[in-house]
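Here is the structure we will look at.
The values are calculated or read from the model by the stated rules, or taken from the named source; none is laboratory data. Just so we're clear, the structure is a prediction, and the values are computed from it rather than from any experiment. Because the Cβ atoms are built from the backbone with ideal geometry, glycine has one as well, and the counts that use them run over all protein chains shown.
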Amino acid sequence: MYRIRWILGAAILLGWIVCPAEGLVVSTFDAGPAGWLVVGFPGGYGLPVTGGVAPDWAGTAGNPGGAIRCGDWYAETFFSAPAAYLGDQSAAFDTALSFDIHITYTDGAAYPAVILVGASKALYYTVMSTPVGVWTTRNIPLRQGWKRNSWLGTDATDADMLEVLSDLRGLYINAEWKTGSDLTTLDNVVFQGSAGVCGDGNHPYPPGDLNRDCWVRLDDYALFAGQWALGPCGPANQHCQGADLDGDGELGLPDLAILVGAWLTCTHPDPPCSYY
């Protein structure tokens, strides 16, 4: 028992803790395209979206580090976000989508910078192109300034934005800013999305998670040690406060084995900390 305690304690002391901001979905492209694709909209930016091929990736072309880029590959060429940006993203309402963009050619005109596609409607956010040859950060508000079902459509309401974000089927960033040749580079996409809730159907409590934070770590071990050798375990004492992991009514080595086997398992939708 003392040896196991020493091993678990050493694992804690040797770990560095990093706490990311809750709910953020980020693509820096430092290790590759990160699931992003290049797709095409027809002229006029209507639906359906077609294509879907991997963008070019350059490990030193970003702002800084890696980035993705493409040329004039479709009628209207867009970068398409991966699944982490989609689904129920209603928590992103009234926040912003930000990204760094570098364009090589421009018409000097206003086009849809971002298109959001939901289950039954699409929303369009139109801006002037950025200057050529320099990195520019775009901050796209996820509330006001959008058009409904066409880039020239009627103003979208808060209800429209919430409807689309609650079942987001597509998030697209424009890569085509000139009639003719294009070369557009994208980096540092940051989206304040919704990652779900600890304990929901997609993020169940792992075995040994005694304090129900979706992460098996020292807190859980301390709770387990506090119940060690107590018994019998049953409904009257919440099965030894949840420490009877095999459900046999007693605490012993089989329960400890379950805890150790799940050590550092994290099912949290947005882990508060990670060990490296």
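Structure data summary
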| quantity | calculated |
| --- | --- |
| Top-ranked residue in the range 236-257 [being surrounded by 15 or more Cβ atoms within 10 Å (Cβ to Cβ) and aliphatic (A, V, I, L, M); ranked as nearest to Gly226 (Cα to Cα)] | Ala243 |
| Lone qualifier among Thr95, Thr136, Thr130 - being in the same structural domain as Asn188 (by TED's automatic domain parsing), under 17 Å from the mean Cα position of the chain (by Cα) and β-branched (Val, Ile, Thr) | Thr95 |
| Candidates Arg217, Arg212 - the one that is under 27 Å from Cys266 (Cβ atoms), in contact (Cβ under 8 Å) with a residue 12 or more places away in the chain, under 27 Å from the mean Cα position of the chain (by Cα) and exposed (fewer than 14 other Cβ atoms within 10 Å of the Cβ) | Arg212 |
| Only one of Gly52, Gly43 that is assigned to a strand (DSSP E or B), loosely packed, with under 14 Cβ neighbours inside 10 Å, in contact with a strand residue (DSSP E or B) (Cβ under 8 Å, 6 or more places away or on another chain) and not charged (D, E, K, R) | Gly52 |
| Pair list, Cβ under 7 Å, 6 or more apart: the range 144-155 residue assigned by TED's automatic domain parsing to the domain that holds Lys121, other residue exposed (fewer than 14 other Cβ atoms within 10 Å of the Cβ) and not in a loop (DSSP other than H, G, I, E, B) | Lys147/Thr154; Lys147/Asp155; Arg148/Thr154 |
| So Ser194, is it farther than 30 Å from His239 by Cα, at pLDDT below 95 and over 20 Å from the mean Cα position of the chain (by Cα) | no |
| Filter pass, Asp167 being in contact (Cβ under 8 Å) with a residue 60 or more places away in the chain and not polar (S, T, N, Q) | yes |
| Residue under evaluation Thr267, criteria (1) under 24 Å from the mean Cα position of the chain (by Cα); (2) in the same structural domain as Ile68 (by TED's automatic domain parsing), criterion not met | (2) |
| Scan of the range 116-149 for residues that are aliphatic (A, V, I, L, M) and under 19 Å from Arg69 (Cβ atoms), ordered by number | Val132, Val134 |
